[in-house]
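Colleague: Encoded as structure tokens, here's the structure I'll be asking about.
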Amino acid sequence: MAKILIIEDDLMISGIYTSKFKKEGFEVESAKDGKEAYGKLEEKEFDLILLDKALPDVDGIEILKNIKTNPKSKNNQTIVVVLTNVSEKNDVEDAKNLGATDYLVKAYFTPTEIVGKIKDILKPNIY
Amino acid sequence: MTLPIINTSIANVLIAISGLTSLVLSTVMILRSRALSSVFLALSNYGLALWIFSELVFLNTKDIFYAAIAAKSLHITGAFILTALIFFAYTFLKMDLRRNKILLFLIIALFVSAVSFIIFTDKIISTTPPSDSHYINYGPFYPLYALYMIVIAFLFFYCLIKKSLKTEDITEKRQLIYIEIGIMTPIFIGLTLNIVLPYFNYFAYYWLGPFLAVIYPVFAYYAISKHHLFNIEVISTELFSALMIIIILIDVLLAGTKTEFILKSGLLIGIAVISLLLIRSVFREILAREKIAKISEDLKAANVKLKEINEAKSEFVSLVSHQFRTPLTSIKGLTSMLMEDFWGPLTGDQKKSITQIYSSEERLLALIENLLDITRIEAGREEFDLRPINILEVAQGVIQELASQAGEKGLHLRLIESKELLPLVKADSLKIRQVIQNLIENAIKYTPQGGISVSLKREANYVVLAVADTGLGIAKSQQPFLFEKFERGKGAASRYVGGTGLGLYWAAKIIGAHKGKIWVESEGENKGSTFFFSLPVIE
């Protein structure tokens, strides 16, 4: 099953997504800040990363840049979906330019809708 | 011994005017500003006036003795002008007088000795008649005197230029540049034409000095006056008036007959009175203009401040709105999962309550999104996804979605099909959809019976959408304020429904940002109302 990493500082929100994704059969890990995220990203390869932009120690965009451009990264081929509540036009453009597959505003979607979107994104990779 | 003959050639009149201008300006300067630097500048101007009158005598006298006296006076006043300027520079530039005590003492000593040598000896200027009365018989120390003058002139400009290069205050820099150009030019020309060249027996342009010299007090006064334009206009008027009076005065003195003398004297008095009135009115007008300029400046500053406050407010609202999304995400996530029986099936009542929490959350989220839209538009940072869209399709979608909501209240909601084919408009489909939804939801809210019809038509270069209801209506007096921030039809809330009134303000902002218009028509209370918006057609 697909392995996903949820990088999200709000523990209630990451808890909701974790339980929802687990129920849908995903293998889920979570990181609450940049430091934890970098640790997990070094540890193993994921199929998809859900990345919050507003993190306490580092801008999510920096993590995205690192994932995509660091030659040593185990995850430079991993799909990254930015999932955040900050949605200024520049942010969306920056993220897409850096290789994010999608940019979703958390408050706009229910967990079920998000799982649906993630499944759609992963579909071509599964088959 | 014959008295000096002043002939009335134009050159002489102009020289006299130069001298008088200097006198007037110096006096005005001392009267208007009591600063030490102004006093020194005025002193140098008085010196200039004396120098000009000495020149007048020197150029016109046929008497060798008077010519020699005038020549001595020329060189004394010349030294005086430069010495006063040095003191002006030191006081104007607020240089430390004590630190330069020795230098200033030396300058005074040199001045006193130069003057003594000129008055009491023939070492610099000789009273022994030269071959021609218009030429000066220079003494053996004259080159030393010339050197002294040049050194002092350079010292003066060294101080000014050093300061003007160092200062970061633009007003001060500009003042200094005026002084540099305005004083440097005539002084260096004067030094060349009246000090250096004559020594080599070249007197051809000796008469030019006084004309050039008049540039200097005008520039100097212009430069030191704090409000440049303010004073220069008054000064120009004063100069012009003085010039007129002098010319007429000369005319009076040259009058041939008694009648002519009386007539011209009358004219002189008349001109003098008019000049005085003119100067006063210019002065008053400029005073008024200055006041207005100051008020306008204050207003500008206040406006900038207001804009800053408004921007800060927008920033704050934007930040807060983003923060609000976080807890709403949790509420939305958890309630939606409860609704989907994530943790097991719920009873009917439980499900109903959860659905109500969910729809409240959605309303709150929509309000926050509206607030974000408004602050973005107000800050000029709107993020529209502009594409050619068919408003009819958008409206159809909204009507389909809201049909059940209208049906629950027993209202009809229909789209009146237009016969003509509507052109496309360039708009953000999602935002326009939300505006239509907002208008229809409002109509449903404020219509107890009857229904709502939506229609579309083309009007000139616009597509106009109308949402007409058979509801409460809006009094004429209320209509103009409907799209202002947080306004609602008075009484509407107390009679029927709640709401913040943000919706129409938001809709107006969205439509306005699309270069369209939004308005309402209602015959009055209980006569229904029709909301319109127009969007420009793609050319």
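The values are calculated or read from the model by the stated rules, or taken from the named source; none is laboratory data. Because the structure is a prediction, the values reported are computed rather than measured. FYI the Cβ positions are ideal-geometry reconstructions off the backbone, even for glycines, and counts take in every protein chain you see.
Colleague: Among the candidates B:530, B:500, single out the residue that is at pLDDT below 90 and within 17 Å of residue B:438 (Cα to Cα).
Modeller: B:500
Colleague: Let me ask something else about it. Could you tell me whether any residue of region B:376-387 is within 30 Å of residue B:534 (Cβ to Cβ) and more than 14 Å from chain A (Cβ to nearest Cβ)?
Modeller: First, pick out the residues of region B:376-387 that are within 30 Å of residue B:534 (Cβ to Cβ): B:376-387.
In the following step, the residues that additionally are more than 14 Å from chain A (Cβ to nearest Cβ) were identified as B:378, B:387.
Among the residues of region B:376-387, at least one is within 30 Å of residue B:534 (Cβ to Cβ) and more than 14 Å from chain A (Cβ to nearest Cβ), which makes the answer yes.
Colleague: Quick test of your reading of the structure: residue A:31 fulfils all but one of (1) more than 10 Å from chain B (Cβ to nearest Cβ); (2) surrounded by fewer than 19 Cβ atoms within 10 Å (Cβ to Cβ); (3) more than 18 Å from residue A:86 (Cα to Cα). Name the failing condition by number.
Modeller: Failed condition: (2).
Colleague: Yes or no: residue B:294 without any contact (Cβ under 8 Å) to a residue 24 or more places away in the chain and of a type in the set (D, E, K, R)?
Modeller: Values: without any contact (Cβ under 8 Å) to a residue 24 or more places away in the chain: yes; of a type in the set (D, E, K, R): yes.
The answer is yes for residue B:294.
Colleague: If residue A:104 satisfies all but one of (1) modelled with pLDDT of 90 or more; (2) within 14 Å of chain B (Cβ to nearest Cβ); (3) over 20 Å from residue B:320 (Cα atoms), what's the number of the condition it fails?
Modeller: Single failed check for residue A:104: (3).
Colleague: Might you let me know whether region B:175-184 holds any residue that is of a type in the set (A, V, I, L, M, F, W, C), within 29 Å of residue B:123 (Cα to Cα) and under 31 Å from the mean Cα position of the chain (by Cα)? Even if it seems obvious, please write down each step before you answer.
Modeller: Here is the first cut: in region B:175-184, the residues of a type in the set (A, V, I, L, M, F, W, C) are B:176-177, B:179, B:181, B:183-184.
Narrowing further to those that are within 29 Å of residue B:123 (Cα to Cα): B:184.
Remaining after also requiring under 31 Å from the mean Cα position of the chain (by Cα): B:184.
Taking every residue of region B:175-184 in turn, at least one turns out to be of a type in the set (A, V, I, L, M, F, W, C), within 29 Å of residue B:123 (Cα to Cα) and under 31 Å from the mean Cα position of the chain (by Cα).
Colleague: Also: Being at pLDDT 75 or above and over 27 Å from residue B:21 (Cβ atoms) narrows it down to one of B:202, B:158, so name that one.
Modeller: Working: B:202 fails: at pLDDT 75 or above.
After ruling out the rest, the residue left standing is B:158.
Colleague: Let me ask another. May I ask you to list pairs of residues, at least six apart or on different chains, whose Cβ atoms are under 9 Å apart, with the first in region A:108-121 being without any contact (Cβ under 8 Å) to a residue 40 or more places away in the chain and within 12 Å of chain B (Cβ to nearest Cβ) and the second being among the acidic types (Asp, Glu) and surrounded by fewer than 17 Cβ atoms within 10 Å (Cβ to Cβ)?
Modeller: Qualifying pairs under 9 Å: A:110/B:340.
Colleague: Consider residue B:363 against the criteria (1) at pLDDT 90 or above; (2) surrounded by fewer than 12 Cβ atoms within 10 Å (Cβ to Cβ): it satisfies all of them except one. Which criterion is unmet?
Modeller: All conditions are met except number (1).
Colleague: Okay, next question. Residue B:354: aliphatic (A, V, I, L, M), touching a helix residue (DSSP H, G or I) at 6+ places or on another chain (Cβ under 6 Å) and either more than 9 Å from every other protein chain (Cβ to nearest Cβ) or outside any helix (DSSP H, G or I) (or both), yes or no? So that I can check it myself, show each step before the final result.
Modeller: Details: aliphatic (A, V, I, L, M): yes; touching a helix residue (DSSP H, G or I) at 6+ places or on another chain (Cβ under 6 Å): yes; either more than 9 Å from every other protein chain (Cβ to nearest Cβ) or outside any helix (DSSP H, G or I) (or both): yes.
So residue B:354 passes the test.
Colleague: Sticking with this structure for a sec: What's the number of the only condition in (1) within 14 Å of another protein chain (Cβ to nearest Cβ); (2) exposed (fewer than 14 other Cβ atoms within 10 Å of the Cβ) that residue B:393 fails to meet?
Modeller: All conditions are met except number (1).
Let's see how each residue does on (1) assigned to a loop (DSSP other than H, G, I, E, B); (2) in contact (Cβ under 8 Å) with a residue 40 or more places away in the chain; (3) under 40 Å from the mean Cα position of the chain (by Cα):
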| site | (1), (2), (3) |
| --- | --- |
| B:248 | no, no, no |
| B:255 | yes, no, no |
| B:282 | no, yes, yes |
| B:304 | no, no, yes |
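Colleague: Check B:334, B:371 and return the single one that is more than 10 Å from chain A (Cβ to nearest Cβ) and either surrounded by 17 or more Cβ atoms within 10 Å (Cβ to Cβ) or under 27 Å from residue B:441 (Cα atoms) (or both).
Modeller: Working: B:334 fails: more than 10 Å from chain A (Cβ to nearest Cβ).
It is B:371.
Colleague: If you don't mind, there's one more thing I want to ask. Restrict the check to region A:79-86 and report whether at least one residue is without any contact (Cβ under 8 Å) to a residue 24 or more places away in the chain, within 14 Å of chain B (Cβ to nearest Cβ), under 30 Å from residue B:382 (Cα atoms) and not hydrophobic (A, V, I, L, M, F, W, C). Spell out the reasoning first.
Modeller: Step one: of region A:79-86, the residues without any contact (Cβ under 8 Å) to a residue 24 or more places away in the chain are none.
The answer is no; no qualifying residue exists.
Colleague: May I ask you to verify whether residue B:365 is within 13 Å of chain A (Cβ to nearest Cβ) and in contact (Cβ under 8 Å) with a residue 40 or more places away in the chain?
Modeller: Details: within 13 Å of chain A (Cβ to nearest Cβ): yes; in contact (Cβ under 8 Å) with a residue 40 or more places away in the chain: yes.
Yes.
Colleague: Can you find, within region B:368-420, the residue that is nearest to residue B:465 (Cα to Cα) among those that are among the charged types (D, E, K, R), touching a strand residue (DSSP E or B) at 6+ places or on another chain (Cβ under 7 Å) and assigned to a loop (DSSP other than H, G, I, E, B)?
Modeller: B:420
Colleague: Here is a follow-up. Of all residues in region A:1-28 being more than 19 Å from residue A:104 (Cβ to Cβ) and in contact with a Lys or Arg (Cβ under 8 Å, 6 or more places away or on another chain), which is farthest from the other protein chains (Cβ to nearest Cβ)? Show your work before the answer.
Modeller: First, pick out the residues of region A:1-28 that are more than 19 Å from residue A:104 (Cβ to Cβ): A:1, A:3, A:11, A:22-23, A:25, A:27.
With the extra rule that they be in contact with a Lys or Arg (Cβ under 8 Å, 6 or more places away or on another chain), the set shrinks to A:3, A:11, A:27.
Working: A:3: 22, A:11: 10, A:27: 19 Å.
Residue satisfying both the conditions and the ranking: A:3.
Colleague: In region B:253-293, how many residues are charged (D, E, K, R) and surrounded by 11 or more Cβ atoms within 10 Å (Cβ to Cβ)?
Modeller: Keep residues of region B:253-293 that are charged (D, E, K, R), which gives B:258, B:260, B:264, B:280, B:284-285, B:289-291.
Retained after the next criterion (residues that are surrounded by 11 or more Cβ atoms within 10 Å (Cβ to Cβ)): B:260, B:264, B:280, B:285, B:289-290.
Count: 6.
Colleague: Identify the single condition in (1) part of a helix (DSSP H, G or I); (2) surrounded by 15 or more Cβ atoms within 10 Å (Cβ to Cβ); (3) at pLDDT 85 or above that residue B:314 does not satisfy, given that it satisfies every other one.
Modeller: Result: residue B:314 passes all but (3).
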